[in-house]
Amino acid sequence: MSDLKENLHTDHMVLNMGPSHPATHGTVKFLLTLDGETVVDMTVEVGYLHRGFEKMCESVSYSNVFPYTDRLNYCSAIMNNIGYALAVEKLCDLEVTERCKYIRVVTNELARISDHYTNIAAAALELGALTAFIYFVEARELVWDLLEKVCGARLTSNYIRVGGLMCDLPSGFNDDLEATYPKLDKLFDDVDKLLTKNRIFLDRMRDTGAISKEEAISWGFTGPCLRACGIDYDIRKKQPYLVYDRLDFDIPLGTTGDNFDRYLVRMEEIKQSLKIIKQAMKDMPEGPINIDNPYLRIPSKQDVYSQMEEMIAHFKVVIDGVKPPVGEVYYATEAANGELGFYIVSDGSGKPWKCRVRPPCFTMTGALPELCKGGMLADIVPTFDMLNMIGGECDR
Amino acid sequence: MDSDQIDKINSKYKGAILDSHDFRGDQTITVQKNVLIELFKFLRDDPELNFKFLMDLTAVDYLNRKDSRFEVVYHFYSLQHNDRLRVKVPISEDDCTIDSVSSLWKTANWYEREVWDLYGIKFNGHPDMRRILLYEEFKGHPLRKDYPINKRQPLIGPLN
């Protein structure tokens, strides 16, 4: 017997998971210390997609930052556009037109839906449910087709501008939406049937990666992962922006804060977002989409070519950029992943002195070791999926 | 955030509050760094303030300021009162250190590592003060304003 013990390998094993691992989407490395299949210690290394977002923003004009924000959370690029635009508009103390607000809400919610589709599809895939993945990716394609009609791009939309939008909604957009709803509902029901009561899926998701309310607050959780713990914090309700205070929608809350609740919250949010889009399309007024201030929002080509003042303004805005007053603002919006905050410091010039983005998934990825320690190696996969770490946003 | 709360903080920490202002509805206070931990505990635990969330932690480099080149900026949120508060702590270039708040908020751990990585501000009492977004061999701190934007330090040189 003693001989057997001597020859048995009972010491801990150190395992590298990542940076590019088939069971984790995104480029991130876990350094695991394993006792059999139990995780004893875990270190998360991020930064593989670091490209110097803030440094780049400090070297370009305010309007040229938009393409960089697209690449933060690339599953819902328009939300980042909107968060940044609202922050700059707060700094300049200007309010956009009514129609612009409604269009922003519609595109914002379309982006939220596509983000949740991506998250759940990828999670299902990594747990072996390939069919659900394909169904939701098809649904995401339908949403991206709509976004492509709006702004010409599927992923990197670059659609929002300071003081307005790149262009108005295309004609017949409401008909396109109406034609898409039934298809989305059908795919949603299919995935709901495939996953929500699926024994294997339940076993992998339920009671894994759970976090208490107090811990979630200490870790700075926001978005679906915080609401899965039962904390009612959604900026669309708490500190409404755009026209969210006029729309009727519910905020789903979880109870246990485990992976399955995070999944359920996201599924319900997809439904609520569709409800918001339907209302916003119905209430959307006619009118201009851009504010009437040529020194903040580039005037239309028609005006630039025919009027002197507009031509001067166009030149000034393109060469010098928008010039907000000296000051600093923080603007928080509810992105698909949680609180997306922009902290902008202006020194009065055409370039931001500082443009900080508060990425929602950065803090949650930091909490991953605490959620996984003591659990099984296989539970890392659903936990990591449901925290929804997006490399572009986490590493900036 | 109403002015009563600012007055309350002001009266409790007389002299430590260097400045307070309200720009576009964002309440901001600037404090000395020696009262930091005590003040933050008060902000978090006082029932009238209750800033349970540390939403964001970052730094700003004001290169041309004479005495305090950097500012560490904290954004708090109170779920109960639905309020936000910004606290700024000036730091000089000669003494580029500040107390870590990772014992009060766990989320501060990664944020502080990021500030150390990109600005070179050391956090006293931090359990794991390593770079986070860049690699350990990286020289300098790229978000400092005197770090040239076109400088390249690849970990692996160009092929050929």
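Among residues of the range A:307-330 that are without any contact (Cβ under 8 Å) to a residue 60 or more places away in the chain, those with a beta-carbon under 9 Å from a residue that is among the hydroxyl-bearing types (Ser, Thr, Tyr) and exposed (fewer than 15 other Cβ atoms within 10 Å of the Cβ) at least six positions away or on a different chain give the pairs A:Glu310/A:Ser300; A:Met311/A:Tyr305; A:Lys323/A:Ser349. Can we say A:Ile344 is of a type in the set (A, V, I, L, M, F, W, C), away from chain B (no Cβ under 13 Å) and either touching a residue at least 12 places away in the same chain (Cβ under 8 Å) or within 12 Å of A:Leu72 (Cβ to Cβ) (or both)? Criteria not met by A:Ile344. On the basis of being touching a residue at least 40 places away in the same chain (Cβ under 8 Å) and loosely packed, with under 15 Cβ neighbours inside 10 Å, does A:Asp258 make the cut? For A:Asp258, the condition - touching a residue at least 40 places away in the same chain (Cβ under 8 Å) and loosely packed, with under 15 Cβ neighbours inside 10 Å - is not met.
Looking across the range B:54-69, just one residue is hydrophobic (A, V, I, L, M, F, W, C), in contact (Cβ under 8 Å) with a residue 40 or more places away in the chain and within 7 Å of chain A (Cβ to nearest Cβ), and that is B:Leu54. Residue-level analysis places A:Gly287 outside the set of residues that are within 23 Å of the chain's Cα centre (by Cα), open to solvent by less than 60 Å² (accessible area, probe 1.4 Å) and at positive phi. Of all residues in the range B:125-148, those being within 11 Å of chain A (Cβ to nearest Cβ), closer than 25 Å to A:Pro352 by Cα and open to solvent by 50 Å² or more (accessible area, probe 1.4 Å) number 2.
Among residues of the range A:312-329 being of a type in the set (D, E, K, R) and outside any loop (DSSP other than H, G, I, E, B), the one that is farthest from A:Ser300 (Cα to Cα) is A:Glu328. When the range A:321-359 is examined, which residues are found to be farther than 28 Å from A:Ile270 by Cα and in contact with a Leu (Cβ under 7 Å, 6 or more places away or on another chain)? Answer for the range A:321-359, where residues must be farther than 28 Å from A:Ile270 by Cα and in contact with a Leu (Cβ under 7 Å, 6 or more places away or on another chain): A:Val322, A:Pro324, A:Gly327, A:Val329, A:Ile344, A:Ser346. Residues of the range A:179-202 being among the polar types (S, T, N, Q) and open to solvent by 20 Å² or more (accessible area, probe 1.4 Å), which ones? A:Thr196, A:Asn198, listed by residue number. Counting only helices (runs of 4 or more DSSP H) that fall entirely inside the range A:2-106 and contain at least 3 residues that are within 13 Å of chain B (Cβ to nearest Cβ) and touching a strand residue (DSSP E or B) at 6+ places or on another chain (Cβ under 9 Å), the qualifying elements are A:53-58, A:77-92.
For every residue, the table says whether it meets (1) within 10 Å of chain A (Cβ to nearest Cβ); (2) farther than 25 Å from B:Asp26 by Cα.
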{"site": "B:Val72", "(1), (2)": "no, no"}
{"site": "B:Leu79", "(1), (2)": "yes, no"}
{"site": "B:Arg84", "(1), (2)": "yes, no"}
{"site": "B:Val89", "(1), (2)": "no, no"}
{"site": "B:Cys96", "(1), (2)": "no, yes"}
{"site": "B:Ser100", "(1), (2)": "no, no"}
{"site": "B:Trp105", "(1), (2)": "yes, no"}
{"site": "B:Phe123", "(1), (2)": "no, yes"}
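Of all residues in the range B:79-98, exactly one satisfies the criterion of being in contact (Cβ under 8 Å) with a residue 40 or more places away in the chain and of a type in the set (Asp, Glu), namely B:Asp83.
Residues in the range A:228-250 that are closer than 30 Å to A:Glu98 by Cα, touching a residue at least 12 places away in the same chain (Cβ under 8 Å), crowded, with 17+ Cβ neighbours inside 10 Å and not acidic (Asp, Glu): A:Ile235, A:Arg236, A:Gln239, A:Tyr241, A:Leu242, A:Val243, A:Tyr244, A:Leu247, A:Phe249. Scan the range A:315-325 and give yes if some residue there is acidic (Asp, Glu), more than 9 Å from chain B (Cβ to nearest Cβ) and either out of contact with any Lys or Arg (no Cβ under 7 Å at 6 or more places or on another chain) or surrounded by fewer than 23 Cβ atoms within 10 Å (Cβ to Cβ) (or both), otherwise no. Yes, some residue in the range A:315-325 is acidic (Asp, Glu), more than 9 Å from chain B (Cβ to nearest Cβ) and either out of contact with any Lys or Arg (no Cβ under 7 Å at 6 or more places or on another chain) or surrounded by fewer than 23 Cβ atoms within 10 Å (Cβ to Cβ) (or both). Whether a residue is touching a Ser or Thr at 6+ places or on another chain (Cβ under 9 Å), crowded, with 24+ Cβ neighbours inside 10 Å, more than 11 Å from every other protein chain (Cβ to nearest Cβ) and more than 28 Å from A:Gly164 (Cα to Cα) was assessed, and A:Ala210 does not pass this test.
Regarding the range B:43-60, can at least one residue be identified that is under 30 Å from A:Glu45 (Cα atoms) and assigned to a loop (DSSP other than H, G, I, E, B)? Taking every residue of the range B:43-60 in turn, at least one turns out to be under 30 Å from A:Glu45 (Cα atoms) and assigned to a loop (DSSP other than H, G, I, E, B).
The values are calculated or read from the model by the stated rules, or taken from the named source; none is laboratory data. Here the structure is a predicted model, which means the values were calculated and not measured. Counting neighbours? That spans all protein chains shown, and the Cβs are built from the backbone with ideal geometry, glycine included. Ligands, DNA and RNA are excluded from the accessible area calculation, which covers all protein heavy atoms including side chains. Shrake-Rupley method; radii C 1.70, N 1.55, O 1.52, S 1.80 Å.
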